[in-house]
Amino acid sequence: MVTGTVVDRTAPPAPYDLQLLRRHNMTVELSWKADADVESGISHFNIYKGGHWIGRFPSSGVYQGFDTNGDDAYPLLLPELRMDVSLPWNESSKISISTVNHFGLESARIEQP
């Protein structure tokens, strides 16, 4: 039997289908979809406004982890990919999102349509 550490050298797939829904004068609801990173899983998503990092989803912890032998993902029911951000009506900044895997590698960003 051989044991060792597995290293992921490839970025995760980029998120897709980013939707923005105006909720209030200053707030928009973001929703998006993402495919699994089969090599190391999804740690979190970075949120950018006007090209500047403004936060992450989830705000702490990880989106999905694995048990100690790496076979089973948890949680089994993943949180919905949905988040509110401040975006006044007159602001022209674009929102974009990227996926970050458990090795800290970041996908390309998807930008609002």
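The values are calculated or read from the model by the stated rules, or taken from the named source; none is laboratory data. Worth saying up front: this structure is predicted, and the values here are computed from it rather than measured. We place every Cβ from the backbone using ideal geometry, glycine too, and count neighbours over all the protein chains shown.
If I ask for residues that are in contact with a Pro (Cβ under 9 Å, 6 or more places away or on another chain), surrounded by fewer than 16 Cβ atoms within 10 Å (Cβ to Cβ) and on the phi > 0 side of the Ramachandran plot, which ones from segment 14-43 would you list? Correct list: empty. Is at least one residue of segment 38-48 modelled with pLDDT of 90 or more and part of a loop (DSSP other than H, G, I, E, B)? No, segment 38-48 contains no residue that is modelled with pLDDT of 90 or more and part of a loop (DSSP other than H, G, I, E, B).
Scanning segment 68-89 turns up no residue that is surrounded by 13 or more Cβ atoms within 10 Å (Cβ to Cβ), in contact with a Gly (Cβ under 6 Å, 6 or more places away or on another chain) and modelled with pLDDT under 95.
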